[in-house]
Amino acid sequence: MLVVHSPLCLLHDPPTEILSGKPVPYKESPDRLVRVRNALSNDPQRKYELTAVDDGLDILPDILRVHSEDYVFYLRRAYSDWVEEGGDKQGVLPESFPHPKLPPYKLDPAKMSAIARAGYYCFDLSCPITEDTFEAIMASARVAVRAAQLLVDGTQSTAAPHGIFALTRPPGHHAGTGVCGGYCYLNNAAIAVRCLQDAVPSAAAKPRVAILDIDYHHGNGSQEIFYSDDSVFYVSLHAEGDYPYFTGSSVEEGEGSGVKCNLNLPLPQHTTGNEQYLATLDLAGKAISDYSPDYLVVSLGVDTYKDDPICCFNLTTPCYSRIGARIRELGLPTLFLFEGGYCMEVLGENVKGVLDGFIGS
Ligand code: Q9C
Ligand code: ZN
């Protein structure tokens, strides 16, 4: 299996975040990527072929299929504007957000101070923007774009279902059209979806894509981006009532022509283990088959693991290859993108478990 990665993804390295009111070391660390890369490259059967992405790829047009221009411009300028305004050199951190209960002024982010703008384009405190953040998030999106292109190429040359892993980091599924949050800045999965849909001759019908989001957290950003789009089916298994707290209910089923193209399958915190998870994954698989997509994009988080430091499902390591095998049974060309997972000791093993299960060995 091809694995696409970029060393530039390691550059984003904020020192701290606030968890339950306490400053702690930033959980979404560069070491996560290193752990997964090592687990794959040390595979005794050498099943994984690691390829570094070409830095020359201009992916701005691909990003603008998903994110608003003003948001991407903000991400690019945020750090320098912030430092110029006297903000801490460690990075941009918002302190106030345009809450829905504040008066509905017409807001113009272009006229705001850097610190106000930071709140306008962010929904929580887990996305500091350091000096190197923009370079890393662009590299992560580039990994997603390159992997999508390689999947399309591979699908055209062989008949068998095909899989590619994009080692994206920072992750993406919490990032919306114009907002960052939950360690996510650019929605790598959404950008990849648009690449898959674009890579066909203009005469052909637009490919239909299903996103299977198996990160522990609800992918509010992916849901928002495709909420009224019937060419993309989004299905998520996630913890009910946990972060990001305000999205992910089963009543959120899409709107307009996208009605019934959004499926949330919330699971209970604390009690969800392997068997309940796999039974729910089967429901997701059935819904994906009913939609009959041309491609499958998997938002692959392994923060469902029993000892994950910020999550509370009870999945064990052997469950991950069973998840991968279930995904293979869907028989679709599949693009896996890395999302969450914070238990460093088993992070590589668990991600590799899913991919091993998909390959079938
Ligand atoms: N008490 C991803 O897994 N902080 N993002 C949660 C929980 C933010 C998770 C605090 C978690 C973001 C991609
Ligand atoms: Zn997560």
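Counting only Cβ charges, +1 for Lys and Arg and -1 for Asp and Glu, the dipole size of region 70-120 around its Cα centre is about 180 debye. Dipole check for the chain: with +1 at the C-beta of Lys and Arg, -1 at the C-beta of Asp and Glu, and the Cα centre as origin, the magnitude is about 420 Debye.
Calculated mean residue ellipticity at 222 nm for the chain: -11000 deg cm²/dmol, from DSSP H runs with n ≥ 4 weighted as -39500 (n - 2.57), summed, divided by the residue count and rounded to 500.
How far is helix 317-329 tilted, in degrees, relative to the longest principal axis of the Cα atoms in the chain, given as a value from 0 to 90 rounded to the nearest 10? Taking the Cα atoms of the chain, the angle to 317-329 is about 70 degrees. Rounded to the nearest 10 degrees, the inclination of helix 274-291 to the longest alpha-carbon principal axis of the chain is 90 degrees.
Within a straight-line Cα-Cα reach of under 19 Å, residue 352 can be paired with the following aspartates and glutamates, leaving aside sequence neighbours fewer than 8 residues apart in one chain: 28, 31, 43, 49, 213, 215, 303, 307, 308, 329, 339. Phi angles across region 125-131 convert, under the Karplus curve 6.51 cos²θ - 1.76 cosθ + 1.60 with θ = phi - 60°, into 3J(HN,Hα) values of 9, 9, 10, x, 10, 8, 4 Hz, Gly and Pro given as x. Take the alpha carbon atoms of region 181-220, find their center, do the same for region 221-278, and report the distance between the two centers in whole angstrom. Each part reduced to its Cα centre gives a spacing of 15 Å.
Fully extending the segment from residue 41 to residue 132 would add 30.1 nm, taking 0.36 nm per residue of separation and subtracting the current Cα-Cα distance. A DSSP coil position with no more than 14 other Cβ atoms inside 10 Å describes the following GluC sites (Glu not before Pro) in region 44-107: 85, 95. Computed from the C-beta positions of residue 108 and residue 76 and an R0 of 22 Å, the FRET efficiency is 0.75 to the nearest 0.05.
When the square roots of the Cα gyration tensor eigenvalues are ordered a ≥ b ≥ c, the ratio a/c for region 217-361 is 1.5 or more and a/b does not exceed b/c, which makes its shape oblate. Couplings for region 105-113, taken from phi via the Karplus curve 6.51 cos²θ - 1.76 cosθ + 1.60 with θ = phi - 60°, read 4, 7, 9, 10, x, 5, 9, 7, 5 Hz in order; Gly and Pro are left as x. Here residue 260 is the anchor, and the lysines within straight C-alpha reach of less than 26 Å, apart from those fewer than 8 places off in the same chain, are 206, 286. A cut-off of 5 Å between modelled amide H atoms, ignoring neighbours fewer than 5 places along the same chain, links residue 312 with 270.
Please work out whether the chain counts as rounded, prolate or oblate from its C-alpha gyration tensor, where a ≥ b ≥ c are the square roots of the eigenvalues and a/c under 1.5 means rounded, while otherwise a/b larger than b/c means prolate and anything else oblate? Before the final figure, lay out the partial values.
On the way: a/c = 1.38, a/b = 1.33, b/c = 1.03.
It comes out rounded by the Cα gyration axes.
All other residues whose Cβ lies under 14 angstrom from that of residue 319 are scored, Lys and Arg at +1 and Asp and Glu at -1, for a net of -3. Placing unit charges on the Cβ atoms only, positive for Lys and Arg and negative for Asp and Glu, gives region 87-169 a dipole magnitude near 220 debye about its Cα centre. Amide H to amide H, with H built 1.01 Å from N, residue 240 comes under 5 Å of 267, 269, counting only residues 5 or more places away or on other chains.
Please list, by residue number, everything in region 96-139 whose backbone N is under 12 Å from a paramagnetic label point 7 Å out along Cα→Cβ of residue 57. The answer is 138-139, whose backbone nitrogens lie closer than 12 Å to the label point.
Computed from Cα positions, the angle between helix 188-198 and the longest principal axis of the chain comes to roughly 60 degrees.
Coupling constants for region 199-205 follow from the phi torsions by the Karplus curve (6.51 cos²θ - 1.76 cosθ + 1.60, θ = phi - 60°), and in residue order they are 7, 10, x, 4, 6, 6, 5 Hz; glycine and proline get x. Across the chain, Cα pairs under 8 Å and at least six residues apart give a relative contact order of 18 percent.
Under 5 Å between amide hydrogens, built in the peptide plane, is the criterion, and for residue 162 it picks out 334 among residues at least 5 positions away or on other chains. What FRET efficiency comes out for the pair residue 24/residue 85, r = Cβ-Cβ distance, R0 = 25 Å, nearest 0.05? That gives a FRET efficiency of 0.40.
Between residue 290 and residue 157, the FRET efficiency estimated from the beta carbon spacing at R0 = 41 angstrom works out to 0.90.
The value of relative contact order for region 70-120, using C-alpha pairs under 8 Å at least six residues apart, is 40 percent. When cysteine pairs in the chain are screened for C-beta atoms closer than 4.7 angstrom, the residues that find no partner are 9, 122, 184, 195, 261, 311, 312, 319, 343.
Bear in mind that the values in this text are calculations on the coordinates, not laboratory data. From a predicted model like this one, the values you see are computed outputs, not experimental measurements. Ideal geometry is used to build each Cβ from the backbone, glycine not excepted, and the neighbour counts take in all protein chains shown.
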